[in-house]
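Shown next, in structure tokens, is the structure this report addresses.
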Amino acid sequence: MHPPIFKALAKARAFFLPMNEKKFVELGVCKSPHGVKGGFTFYLHNPDDSILEKGTEVLLFPLDKKSSLPKDGKNFKISQISFGNKVIVYFDGIADRNIVEAMIPFSVQISREEFPEAEEGEFYLVDIIGALVFNHKNGEKIGVIDSFYENGPQLIAVVRGEESYELPFIDAFFPVIDSENKRIEMNVPEYLDE
């Protein structure tokens, strides 16, 4: 059985915010302004398949104390966005580079509820964070999906349990993925299964 296609629209990391108990997902960060008229340069985790567009409301969280944003975040609506070598974003009500410089650096997040529905046979990586992982051969529990990262050519799944594993997220290692029930079966590499 081949795993379904996944949608990696967002970095596979979720944030739970006590202010409203909603699940927010980080899409990227901003560490530099663009131009003099209030533009921001975004560094998106997945710029090729972004859900950001004009009118999207995002929640910005400061990355350090230099940012003027409140620590519990602030909502902004995108008034203009362009994708190219850089992702350039403008927000409603901000037209001054000095304001931009005061706000950065920050994390760009969006409510998981705002994601478009995944198509048949697809899922979002963030939805399987915390999924239980079982040994495909013997059914024993191995741990949980902790996170994902890219090492260049591959997406790597990080599995945490009594032991930790960092394996390419491919059929050979993860032959069964049940995203709805948050259950994954993993083939432990023979050199590690001793």
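The values are calculated or read from the model by the stated rules, or taken from the named source; none is laboratory data. Only a predicted model underlies this, so the values are computations on that prediction, with no experimental measurement involved. When we count neighbours, we look across all protein chains shown, and the Cβ atoms used for this are built from the backbone with ideal geometry, even at glycine. All accessible areas refer to the heavy atoms of the entire protein, side chains included, with ligands and DNA or RNA removed. Shrake-Rupley method; radii C 1.70, N 1.55, O 1.52, S 1.80 Å.
Descriptive notes on the structure:
- Residues considered: PHE91, PHE6, PHE16. Of these, the only one that is open to solvent by 80 Å² or more (accessible area, probe 1.4 Å) and either under 21 Å from the mean Cα position of the chain (by Cα) or modelled with pLDDT of 95 or more (or both) is PHE16.
- GLU113 fulfils the conditions (1) under 30 Å from THR41 (Cβ atoms); (2) open to solvent by less than 50 Å² (accessible area, probe 1.4 Å) except for a single criterion, (2).
- Residues of region 76-88 satisfying the condition of being polar (S, T, N, Q) and exposed (fewer than 10 other Cβ atoms within 10 Å of the Cβ): ASN85
- Failed item, numbered, when GLU119 is tested on (1) of a type in the set (Asp, Glu); (2) closer than 23 Å to THR56 by Cβ; (3) part of a strand (DSSP E or B): (3)
- Checking each residue in region 58-73 for being surrounded by 15 or more Cβ atoms within 10 Å (Cβ to Cβ) and free of Cβ contacts under 8 Å to residues at least 40 places away in the same chain picks out SER67, LEU69.
- Residues of region 129-144 satisfying the condition of being free of Cβ contacts under 8 Å to residues at least 60 places away in the same chain and either over 18 Å from GLU190 (Cα atoms) or part of a loop (DSSP other than H, G, I, E, B) (or both): GLY130, ALA131, LEU132, HIS136, LYS137, ASN138, GLY139, GLU140, VAL144
- Count of region 124-136 residues which are open to solvent by 30 Å² or more (accessible area, probe 1.4 Å) and of a type outside the set (Asp, Glu): 5
- Residue count for region 151-194, restricted to those that are among the charged types (D, E, K, R) and assigned to a loop (DSSP other than H, G, I, E, B): 8.
- For GLY139, the test of being exposed (fewer than 14 other Cβ atoms within 10 Å of the Cβ), closer than 28 Å to LEU60 by Cα and not β-branched (Val, Ile, Thr) is failed.
- Every residue from region 171-182 that is surrounded by fewer than 18 Cβ atoms within 10 Å (Cβ to Cβ) and either within 16 Å of TYR124 (Cβ to Cβ) or touching a residue at least 60 places away in the same chain (Cβ under 8 Å) (or both): ASP171, PRO175, VAL176, ASP178, GLU180, ASN181, LYS182
- Pairs meeting the criteria (first residue in region 116-128 and closer than 14 Å to LYS182 by Cα, second residue basic (Lys, Arg) and open to solvent by 10 Å² or more (accessible area, probe 1.4 Å), beta carbons under 6 Å, at least 6 apart or on different chains) are GLU122/LYS7; TYR124/LYS7.
- Candidate set from region 145-170 (those that are more than 24 Å from LEU27 (Cα to Cα) and open to solvent by 60 Å² or more (accessible area, probe 1.4 Å)); member that is nearest to the chain's Cα centre (by Cα): SER164
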